[in-house]
Amino acid sequence: MLAGLESADLGWFWECDAKGCLTYLSQSAMSAIGLTSDDLIGRELTEILATGDSDDYDSTSRPLKFRIASRSPISRLNVQVLADKSREVWWEISATPKLDGNGEFAGFYGIARDNTNSLAQSRDSERAAQYDSLTGLANRHRMTRKLGQTLDAFKQSKRSCAIMLLDLDRFKKVNDTLGHPAGDELLKQVAVRIKQLFGDQGEIGRLGGDEFQIMLPDIDDRGELGDLSKRLVQMLSQPYSVGGSRAIIGCSIGIAVAPYDGIEASELVKAADLALYAAKDAGRGTYRFYSSELSRSADWRQRIEDDLRDALSQGQLLVQYQPIVDAKTHMIASLEALLRWEHPERGRVSPAEFVPVAEELGIINEIGEWVLEEVCTQLSNCPPEVRAAINVSPIQFASGKFYAAVDRILTKTGVDPARVELEITESVFVGDLERTLNLFKKLKKRGVRLSLDDFGTGYSSLSYLRDAPFDKIKIDQSFVRGCSVEDNNNSALVCAIVSMANALKMETVAEGIETKDELAMVKGHGATHLQGYLFSGPISIEELITRFENKEFEFKPRGPEKYRAERRTEFRKIGVIHGDSRYNVFLRNLSKTGARIEGMLDVPVGTELVLDLGDGQLAVATVRRSEGFSQGVEFETKLISDGDKGLCTRHRVSPYQIEAAGRPLGALTNSAVTAYTSGGQSMPKAFVEVDISAQGRA
């Protein structure tokens, strides 16, 4: 019967001896791979066949050599035919151990069949289930599985793993204006750029829509992650050519690192998601690291959403003005209107916190119209030569009712349109460029002035300046800040922007001036107007009217002579470790290079301390100034930006080190050091040394 099956080529049979050497193989099987019995009989089976133990789709298979040595039955095992060098051939084999007359193991006998095609189809189906058909990147299912497997394995080896969550900014606008096929093409180009940056450094996936995830094993240096994020934001913000049209988008990035921010996949993804949310709130086109503060911020945002809808109707919104002065005379030339929210319970809420919420809730148009009418009304109480600049949200500008609202408010208030200046950001050029330019022409025909705000910070194109009728370019404060410092290119950038604006017969406003050396630099480069705290912060309309009535039109520069590294004013409790003890102190201000703390008396200059900044962040520092209860300390390793306006350490204390010192393993949702030494208890010296080593010190 078996001979009949062989002759009909309905089945292949094979046999090996106790040593695993092939003793029989059906002739049709040998013919299928183009070999003869002389080529195969007598050779070890593992020289002819091998399991695909390195393949993603059969990664749990034990090697064939192990299966033969175990003398256990083999059932439907996929093996690659190594003997066939001309092509990739796969067989499915099954076998039963055979015994001799004495009951001793004598080898295997079994069956085989060619399953190359069926396995290829299975792999194609498996790939389709694991990879995104549009971009070729891993899909959500595969990324979830890979992240879970990686974190489980890394717990044992105590390794770190970072993930980045990316969300494309203004992608929906491209879809709406250019169509979904163009959106699909854009997503393909985005995937290519991401792969160009990261290469084989990590696993890249598209989770759906315009959301991507990158998994980066063995990276926990937030300085390196921040640099990668900056490069990624810059790369994805470059223009795209889609279906003959030009599209410009951006991206926001949230970053979380295991085991610091989570040791389970769900924890880490939630942390990265909160960081991504924070990056969007910060104005998009940036990145944020996860911190425990973000969990509290998420609750704060929900409360903002609940209260913002009533803020306008209950009279909680108000407008303040920051003067813009003539560069030569320092006389007031115009005012920038700044929206403020005075919450009855929480006090003043920053526009950076509530404006993005207003945009998402769809009430930014209503708020924007109120601001425009309020400013136009208050302008009637100012001298006729004073103009007012009003920031316009890109969403407000894109509204089909924007021009009608401007026209109606100008007519209602009777203000001279030439005294109204609309500040537009470069993001309005994304999408329907023809509509944007037509709207500019209508606004100019109505008599209002146009100003390009935050020039050069993300989406600049000289063609926009050629076609759009701007009256003024505002030089973003990121270029002004530190422009007088050596080895800083900001001065050259300011000079280039001013020269270009002069050639186009446009005014320039250098904003964010805070020191006299910055003032001298921007005036030396020819900026026509100046704005910043060196002259004045935002003030009320009542204070302005009083100044105008008293003929006080000049704003004299008052402030520090020279720029120094930006310091954040703080007031929070932190820990200081010295020797075997931990002390509670207050952090007063913080910069990349140092801090001011209060709470310890007469600490000698030169004393080395470790500052516990929370969330596992330890900064080794040396006391440089000491006056009573106040000390100024210099960090051994500079802090880095957290992607927004905050600062953080490059490295953190690993929960694995905390675990080694006696604490349970878990994410650093709060400072593990603080938890370990709460109440100012004495800390084991070995634990302090382990903590300090996380900063790179032996």
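The values are calculated or read from the model by the stated rules, or taken from the named source; none is laboratory data. Since this is a predicted model, take the numbers as computed values, not measurements. So basically every Cβ, Gly included, is an ideal-geometry build from the backbone, and we count neighbours across all protein chains shown. Areas reflect the complete protein model, heavy atoms only, side chains present, ligands, DNA and RNA absent. Shrake-Rupley method; radii C 1.70, N 1.55, O 1.52, S 1.80 Å.
Among rounded, prolate and oblate, which fits region 129-267 when a ≥ b ≥ c are the square roots of the eigenvalues of its C-alpha gyration tensor, a/c under 1.5 means rounded, and a/b larger than b/c means prolate?
Cα axes put region 129-267 in the prolate bin.
Using a simple charge model, +1 on the beta-carbon of Lys and Arg, -1 on the beta-carbon of Asp and Glu, nothing else, what dipole does the chain show about its Cα centre, in debye to the nearest 20?
Result for the chain is approximately 1200 debye, rounded to the nearest 20.
Per residue, what accessible area does the chain have, given a 1.4 Å probe and all protein chains present, in Å²? Before the final figure, lay out each step's value.
On the way: 32460 Å² over 698 residues.
Roughly 47 Å² per residue, with all protein chains present.
Once Kirkwood radius over Cα pairs in Å is worked out from the coordinates, which option in [x] 30.4; [y] 28.3; [z] 25.8 does it equal?
Computed from these coordinates, Kirkwood radius over Cα pairs in Å corresponds to label [x].
I'd like the FRET efficiency for residue 562 and residue 602, computed as 1/(1 + (r/R0)^6) with the beta carbon distance as r and R0 of 30 Å, rounded to 0.05. Could the numbers behind the result be given before it?
On the way: r = 30 Å, r/R0 = 1.01.
Efficiency for this residue pair is about 0.50.
Taking the Cα centroid of region 155-195 and of region 592-623, what is the distance between the two, rounded to the nearest whole Å?
Using only Cα atoms, the two centres lie 41 Å from each other.
Is region 266-356 best put as rounded, prolate or oblate by its Cα gyration tensor, with a ≥ b ≥ c the root eigenvalues, rounded for a/c under 1.5, and otherwise prolate when a/b is larger than b/c, oblate when not? Mind showing how you got there, number by number?
Working: a/c = 3.65, a/b = 1.63, b/c = 2.24.
Oblate, because a/c is 1.5 or more while a/b does not exceed b/c.
On the accessible surface of the chain, probed at 1.4 Å, how many percent belong to carbon and sulfur atoms?
Values: 15620 of 32460 Å².
The C+S portion of the solvent-accessible surface of the chain is 48 percent.
How much mean residue ellipticity at 222 nm does the chain get from its helices, if each DSSP H run of length 4 or more adds -39500 (n - 2.57) and you divide by all residues, to the nearest 500 deg cm²/dmol? Intermediate values should be presented prior to the final figure.
On the way: 25 runs with 259 residues, N = 698.
Only helices count here, giving -11000 deg cm²/dmol.
In terms of the Cα gyration tensor, with a ≥ b ≥ c the square roots of its eigenvalues, is region 1-150 rounded because a/c is under 1.5, prolate because a/b exceeds b/c, or oblate?
Judged from the Cα gyration tensor, region 1-150 comes out prolate (a/c at least 1.5, a/b above b/c).
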